[in-house]
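Working notes, structure below.
The values are calculated or read from the model by the stated rules, or taken from the named source; none is laboratory data. Treat the numbers as computed from the prediction; the structure is a model and nothing was measured. Heads up: the accessible areas ignore ligands, DNA and RNA and are worked out on the full protein's heavy atoms, side chains in. Shrake-Rupley method; radii C 1.70, N 1.55, O 1.52, S 1.80 Å.
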Amino acid sequence: IDTDTFRDCKMLTDVRLSDKLEDFGSGIFQGCSSLTSIELPPTLQTICVNMFAGCGFTTFTIPETITNIEHGAFQSCENLETFNWPDWITRIPSHCFNGCSNLQLEIPEGVTIIGEYAFSGCKSITSFSLPKTITNIEQGAFRACKNLETINWPANLTIIPSECFYECTNLKFEIPEYITEIGSYAFAGCTSITSFSLPKTITNIYAGAFQACENLETINWPASITQIPNSCFNRCSKLQIEI
């Protein structure tokens, strides 16, 4: 079945596919906002790019035959509440759940990579428990998770990437002692944070890292960092800092 074959079929609710199907083009059900039920053939191994983006599922179970999930596969599924992430697929791809505003998901042991903007806009998630197996978290992974309050940062990850917690307005976060780098706009718009204690291990802080943290009152600036980057404290209206 080729790319975009059933895209934006708004009244499509139920799909049963032939057991002989082995391959799908990207986005074949994208925008099928009423689609809530589908039987995937046992021959299918990949959920391709944007395959179910914008569909109406409230729950989704990945069959054991699937070995690969690609970019944006479930993004903008606004009704999706529960999803079992298979522990045999080690990468959560970029934009996978971007805009899934009602999603609740537990990341299993075995996951090693969370792609860029993978959980951006997941407004219902209040906490993330990240397994020790994670080796890389990419840009904007948790951007605009408005109700995210707590997250454990794996000890083997020394970089908080760009836009990681951008506009996570309920986040409470203490930067761990092993962090060496804070990416651009990593905490921009984190309006619930009132203070930051920056560890001596930090060697790089990039543009806008704490921009629009409107309730940020105190922060210790490491003596080892000799330049305050562009827009670092732009719109931090309550901040008191000694340089």
### Task
Across the chain, how many lysine pairs, 8 or more positions apart or on different chains, have C-alpha atoms separated by under 22 Å? Please give the number.
7
### Task
Hey, can you find the accessible area per residue of the chain for me, probe 1.4 Å, expressed in square angstrom?
46
### Query
Roughly to the nearest percent, how much of the accessible area of the chain is carbon and sulfur, given a 1.4 Å probe?
44
### Summary
The correct pair for the chain, radius of gyration to one decimal and Dmax as a whole number, both in Å and from Cα atoms, is 20.0, 68
